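A short write-up of the structure that comes next.
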Amino acid sequence: MKKGILLITAVLLVISAMAQDRQQRDRGNRENNRQSESVPPPVEDVNKVVDNTFDSINKARTARPVSGSTRVGDNPVLFLVGNSTMRTGTLGNGSNGQWGWGYFAPDFFDPEKITVENHALGGMSTRTFYNHLWAEVLEGVKPGDWVIIELGHNDNGPYDSGRARATIRGIDKDSLVVTIQETGQQETVYSYGEYMRKYIDEVRAKGAYPILMSLTPRNSWEEDGTITRVDKTFGLWAKQVAEEKGVPFIDLNEITARKYEKFGPEKVDYMFYLDKIHTSAFGAKVNAESAVEGIRNYPGLELADYLLPEKIPYDSPARVGDNPVIFTVGDSTVKNADNDEDGPFSWGSVIGRFFDDGKITVDNQAMAGRSTRTFLDEGRWDKVYEALRPGDYVLIQFGHNEGGEINTGKARGVFKGSGDDSKVLLMESTGKYQVIYTFGWYLRKFIMDVQEKEAVPVILSHIPRNQWTEEGKVIRNSSSYGLWAKEAAEATGACFIDLNEISAVKLENMGREAAAEYFKGDHTHTSFKGALLNAESIVEGIKDSDCGLKNYLK
């Protein structure tokens, strides 16, 4: 009898507990509903970007640095906190062709004074980074350190399902208790501004210095030809919180957007890869430069003291007064040793004698052994780009070295054609990933850079080799690199000179035996006579073109 009474009592207690649980859940749901009515809906996830999800966090912990582990002695550390625009992909190594600007940020700081740690992770919102990663980052922060916070790209979508990463719009102190549908866990959600306050307060409590930045701009354009800003949402809210808390705010969105508008839509397209949010290496470098520009120009910001000296742009020593300069760009057929008329010589070193040096001069920036790709990778193109002024000319001739190995050996090859094809490859020599494009893509990039500077690009097919058919004809490149060079010029409105064809006809007219004197050492590199012949061919092409360079000929 007693056992029966005890059993009934136990059942009643279970039923009572279940009823209490239901009442608590109902009260929680009613509270959620009341709070939902008092806060605005989250920002809509209009881009539907597939990004990192929380299942990558454990992997990310092995890839991201242990907080503070890079510290050298008593030197400070600069911590970067953000999302995929700062660190793309879990590993952040560009294996998907996308790069975050945090990867390139250390290039601008003096490693003997400060180290830079990129703790960003793709897919993180202000809320999810704070809940899942922030405590680990904060552990390594010491007095005198710096923390840059750039978050907001992912503060959208639902509050309580899916990636459940949305924050409440604005900077008010509203909060919302939600139950995550997939897990049943309860969480209090705050406004974007309130999370930013938490970051700021907790950095300061460690004796370190917080800096807020607005988001990197997306490849999104308004009808008036301007880049879409975030100055009415996350950019505004970050600025308001920074002003309220008295911390530096750097408008990264605005600084880069102004650059994009100067570049124009076509050039901005190659600042991104696969989508309109995540940057290529080119775009990531631009954002890193913009962040540094903001730090350097912010009044009294001591973080600027840790920057490397500002790079002085190349200024051509060949420039005379305000006269224009002809920059020649290419490989060894454009610039060789060129110091002995009995040795190999290139057309870039003799082309100047055909122009009026009282009106224009030549700066030969070509380099032996380079392809379009390696000329760009090594920073040689950047040097020319920096020096360009309106009215300058750039003669561009590549194609001899593009057919080699792509990710092994000399690793200077490119993909054939003039389209937009590309592929991410692991470079054997460096162990790093790189996006490789077509020959025509690299030429179009050069052309657009020149046009952006209001200078004039002139594309040349590469000089003919001393290679002949059985019928006594010089082998042309009119179905390969010559064709792709022409297509790149036509696509961008640049002047094109078929140097390969013009010189080949001359060699055929003199015959194979006589033509041998125009080459030196092999079938590609020219003698002094060959250099003059090719320079004369370029001049002929200029005369027959609509290029304004003809006005500077002798």
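Of note:
- Here's how it looks for Thr526: its modeled amide H is under 5 Å from those of Phe345, Lys520, which are all 5 or more places away or on a different chain.
- Aspartates and glutamates with Cα under 19 Å of Lys423, excluding same-chain neighbours fewer than 8 positions away: Asp269, Asp275, Asp377, Glu402, Glu405
- Compared with the dominant Cα axis of the chain, that is its longest principal axis, helix 234-245 is turned about 60°.
- Here the Debye sum runs over all C-alpha atoms of region 336-379 as equal scatterers in vacuum, and log10 of I(q)/I(0) at q = 0.14 Å⁻¹ comes out as -0.45.
- Partners for Lys113 among lysines (Cα-Cα distance below 17 Å; same-chain residues under 8 apart left out): Lys142
- Using the Cβ-Cβ distance between Val66 and Asp201 with R0 set to 22 Å, the FRET efficiency from 1/(1 + (r/R0)^6) comes to roughly 0.40.
- Modelled FRET efficiency - R0 30 Å, Thr183 with Asp275, Cβ distances, 0.05 increments: 0.55
- Distance from the Cα centroid of region 479-495 to that of region 293-345 is 27 Å (rounded to whole angstrom).
- Links that overshoot a 22 Å alpha carbon limit, given the list Lys276/Lys486; Lys335/Lys383; Lys311/Lys432; Lys383/Lys554; Lys232/Lys267: Lys276/Lys486; Lys311/Lys432; Lys383/Lys554; Lys232/Lys267
- Computed lengthening from Leu236 to Leu301, 0.36 nm per intervening residue step minus Cα-Cα distance: 21.3 nm
- Amide H contacts under 5 Å for Val189, placed H, 5+ residues apart: Leu176, Val177, Val178
- From phi via Karplus (6.51, -1.76, 1.60), per-residue ³J(HN,Hα) for region 539-553 in Hz, x at Gly/Pro: 4, 4, x, 5, 4, 8, 9, 9, 6, x, 4, 4, 6, 9, 6
- Distant-in-sequence amide H partners of Thr228 (H built 1.01 Å from N, under 5 Å): Ser220, Trp221, Glu222
- Shape category assigned to region 76-228 from the gyration tensor of Cα positions, a/c cut at 1.5: oblate
- Shape category assigned to region 376-446 from the gyration tensor of Cα positions, a/c cut at 1.5: prolate
- Rounded to the nearest Hz, the phi-derived 3J(HN,Hα) couplings of region 263-270 under the Karplus curve 6.51 cos²θ - 1.76 cosθ + 1.60 (θ = phi - 60°) are 5, x, x, 5, 6, 5, 4, 8, where x marks glycine and proline.
- With Cα atoms, 0 to 90° folded angle of helix 2-38 axis to the chain main axis: 50
- Accessible surface calculations at 1.4 Å, restricted to protein heavy atoms, place the chain at 46 Å² per residue.
- For the chain, share of DSSP beta bridges that run antiparallel, in % to the nearest 5: 30
- Distance from the Cα centroid of region 102-138 to that of region 140-163 is 10 Å (rounded to whole angstrom).
- With contacts taken as Cα pairs under 8 Å at a separation of at least 6 residues, the chain carries a relative contact order of 11 percent.
- Thr226-Glu310 pseudo-label distance in nm [points 7 Å out on the Cα-to-Cβ vector]: 2.5
- Answer label for Kirkwood radius over Cα pairs in Å (calculated), chosen among (1) 25.0; (2) 27.0; (3) 29.8: (2)
- With every protein chain in place, the chain: carbon and sulfur % of accessible area (1.4 Å): 50
- Couplings 3J(HN,Hα) for region 402-412, derived from phi with the Karplus relation 6.51 cos²θ - 1.76 cosθ + 1.60 (θ = phi - 60°), are 7, x, x, 5, 9, 10, 10, x, 6, 6, 10 Hz, where x marks Gly and Pro.
- Annotation for Glu341 and Asn96: the two label points, set 7 Å from Cα along the Cα-Cβ direction, are 6.1 nm apart.
- Distance from the Cα centroid of region 427-470 to that of region 176-250 is 41 Å (rounded to whole angstrom).
- Using alpha-carbon coordinates, inclination of helix 439-452 to the longest axis of the chain, degrees: 90
- Looking at region 314-450, the DSSP beta bridges with both ends there are about 35 percent antiparallel.
The values are calculated or read from the model by the stated rules, or taken from the named source; none is laboratory data. Since the model is a prediction, treat every value here as computed from it, not as a measurement. Here the Cβ is made from the backbone with ideal geometry for all residues, glycine too, and neighbour counts use every protein chain on show. To get the accessible areas, we keep the full protein, side chains included, count just its heavy atoms, and leave off ligands, DNA and RNA. Shrake-Rupley method; radii C 1.70, N 1.55, O 1.52, S 1.80 Å.
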